[in-house]
Amino acid sequence: MKRRNILKGAALGLALMAGPVAAQDDSYTIGVAIPSATHGFMGGLNYHAQASIERLEATYPQLSFVLATAGDAGKMVNDIEDMVATRDIDALVVLPFESEPLTSPVQAVKEQGIWVTVVDRGLSVPGIEDLYVAGDNTGFGRVAGEYFAETLNEGDNIVVLRGIPTTLDNERVDAFQAAIDGSGINVLDMQHGNWNRDDAFNVMQDFLSKYPDIDAVWAADDDMAVGVLEAIAQADRSEEMWVVGGAGMKEIIKRIMDGDPQLPVNVTYPPAQIATAIEMTALGLVSNTPVAGRFIIGSQIITPENAAKFYFPDSPF
């Protein structure tokens, strides 16, 4: 016997029970749809999704999971439709590949009485999901912007790389721009690098060819920062500008720990948020714990002084 629409209430700080739970009469299937591990952050996110599912299956014998990864929005839509049609899922945890193409398909899932948890990249229509779990995208942009405003001088020039067109990218960029408003910093250009190091490399090459005077780069993502740094190095302009990425890639954090002047700080945005989303969804199914609402994981600035706390050499990201 299955039940739906049982995860109600306001989002609270939650933790899984430490030991195995006895099987109950009801069994549940949770579908998890996430982007493929095409770059470092998504590699870390896939790692944490799989680890969370393994923990939950060991803890709750009445739970089963369907995990699907997709390299484009069309594949993700097909994966979700298949979960509903062939696996009769009770809940869906989805990190949309892109906001707009996934909105109607996820809304159709919700209209069938299936619990929906949206992670990270919001849908283009608010209020469809039962639970939203994400890093603090507004805080992510604001913290970076405050560092730029405090560190650069009036009249200094910067370029900005945006991510994939999504609601969260809009939130980050809007907050960044608000934080530097009135500082006198000139934003020379802003283009989408799609959270991809190759795309970011190409965008930064274009920036470097257009603008002879760049003081700093907001790459807004560590995978993009890697591409940006390579383009700067190939242009032999590494002494001219510094770069701020985001999300805490271990290679970037190590360079901050070592005092690399080209990478002065970073901003947190944990890929383990997918585990939080899956575990909260599961906890709502197997108990009466209220988990509906919004669960936002705050962003912090990483500096040479505190970088060691954020350095995990064995992590995939």
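The values are calculated or read from the model by the stated rules, or taken from the named source; none is laboratory data. Just so it is clear, the structure is predicted and the values come from calculations on it, not from any experiment. Counting neighbours? That spans all protein chains shown, and the Cβs are built from the backbone with ideal geometry, glycine included. Accessible surface is based on the protein model in full, side chains and every heavy atom, while ligands, DNA and RNA are left aside. Shrake-Rupley method; radii C 1.70, N 1.55, O 1.52, S 1.80 Å.
Comparing Thr289, Pro212, Val84 along the charge dipole axis of the chain, the residue lying farthest to the positive side is Thr289, per the Cβ-charge model. With a bin width of 5 angstrom, please list the P(r) values of the stretch 84-136 as percents of all Cα-Cα pairs, from the 0 bin to the one holding the largest distance. Spelled out per bin, shortest first, that is 4, 22, 35, 24, 11, 3, 1.
For Arg87, the solvent-accessible surface with a 1.4 Å probe is about 110 Å², rounded to the nearest 10.
Taken about its Cα centre, the chain carries a charge dipole of roughly 1120 debye when the Cβ of each Lys and Arg holds +1 and the Cβ of each Asp and Glu holds -1. How many Lys pairs in the chain lie less than 17 angstrom apart by Cα atoms, where the lysines are 8 or more positions apart or on different chains? Close lysine pairs found across the chain: 4.
Could you pull out every whole DSSP H run in the chain that spans at least 27 Å of Cα extent along its own axis and averages -0.5 or higher on the Kyte-Doolittle scale?
40-59
Residue order by solvent-accessible surface for Ile164, Ile232, Ile301 is Ile301, Ile164, Ile232, largest first, with ligands and nucleic acids left out and a 1.4 Å probe. The 1.4 Å probe gives accessible areas that order Tyr147, Tyr269, Tyr47, largest first, as Tyr47, Tyr147, Tyr269.
Tally the DSSP beta bridges in the stretch 158-317 and give the antiparallel ones as a percent, rounded to 5.
15 percent
Give, to the nearest whole percent, the P(r) tail of the stretch 161-278 beyond 17 angstrom, counting all Cα pairs.
Considering the stretch 161-278, 56 percent of its Cα-Cα pairs are separated by more than 17 Å.
Over all pairs of different C-alpha atoms in the chain, the reciprocal of the mean inverse distance, the Kirkwood hydrodynamic radius, equals 20.4 Å. Counting only protein chain heavy atoms and rolling a 1.4 Å probe, the accessible areas of Ser287, Ser209, Ser52 rank, largest first, as Ser209, Ser287, Ser52.
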